[in-house]
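Bear in mind that the values in this text are calculations on the coordinates, not laboratory data. Being a predicted model, the structure only gives us computed values, none of them experimental. Every residue, glycine among them, receives a Cβ derived from its backbone with ideal geometry; neighbour counts consider all protein chains shown.
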Amino acid sequence: MDLSTVSTIDKERLAKNPNTPEDVLRELAKDKDPWIRVQVAKNPSTPLDILRELAKEDNWYVRAAVAQNPSTPLDILRGLAKDDVDRVRYYVAKHPKGTSKLLLKMFEYEKSLRKPDGEVIRALYTHKNLPAFAKRVIETLFGEMLT
């Protein structure tokens, strides 16, 4: 499909649609408009190899969208768990596929930062897979962030 004549609005619709053919998603993943790439990154039908590439994007909005995608596998989430941008880490911490091991590593990382992000701490604390002992540590160290 030649997307050069397709409007931005129609590209966005295609990028969001889980029924969009794989070859179209591949082309949209390379679009110069980062908002189009964000929509591809959020699409649960986006192939894993494209998600892997989008997870390496310079644009943090795209990386955050990969972290929000319910189809993103654990290995990609692990790579995003120590992202420089707290919003990306927040979406990893909220991801339903987050294992206790990943969440514990994220907590250790967040704890090591000079200024841990309150939203990331709260997302970790409320995740069903974070072990109870880690929740107690969060309450002790970051109780003020939980209110």
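Take peptides 66-72, 137-143 and line them up by average Cβ neighbours within 10 Å, highest first, as a rough protection proxy.
Numbers: 66-72: 20.9, 137-143: 14.0.
Final packing ranking: 66-72, 137-143.
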| What percent do you get for the relative contact order of the chain when only Cα pairs under 8 Å and 6+ apart count? | 14
| task | Rank by packing, highest mean first: peptides 76-86, 117-127, with packing defined as the count of other Cβ atoms within 10 Å averaged across residues. | result | 117-127, 76-86
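Going through the cross-link list 30/115; 56/97; 30/97, which pairs have a Cα-Cα distance over 29 Å in this structure? Provide the component values of the computation, followed by the final result.
Numbers: 30/115 35 Å; 56/97 20 Å; 30/97 27 Å.
Going by Cα-Cα distance, 30/115 fall outside the 29 Å limit.
When the convex hull of the C-alpha atoms of region 58-133 is computed, what volume per residue in Å³ does it have? List each step's numbers first, then the result.
Numbers: hull volume 6.0 nm³, N = 76.
Roughly 79 Å³ of hull volume per residue.
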| Inter-probe distance in nm under a simple model that places probes 7 Å from Cα toward Cβ, at residue 22 and residue 3 | 1.6
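Peptides 91-99, 2-10, 47-55: what's the order by average Cβ count within 10 Å, highest mean first? Can you show the working numbers first?
Details: 91-99: 20.0, 2-10: 9.9, 47-55: 17.0.
The packing order, highest mean first, is 91-99, 47-55, 2-10.
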| request: Give me the compactness ratio for the chain, meaning the Cα radius of gyration over 2.2 N^0.38 Å. | output: 1.16
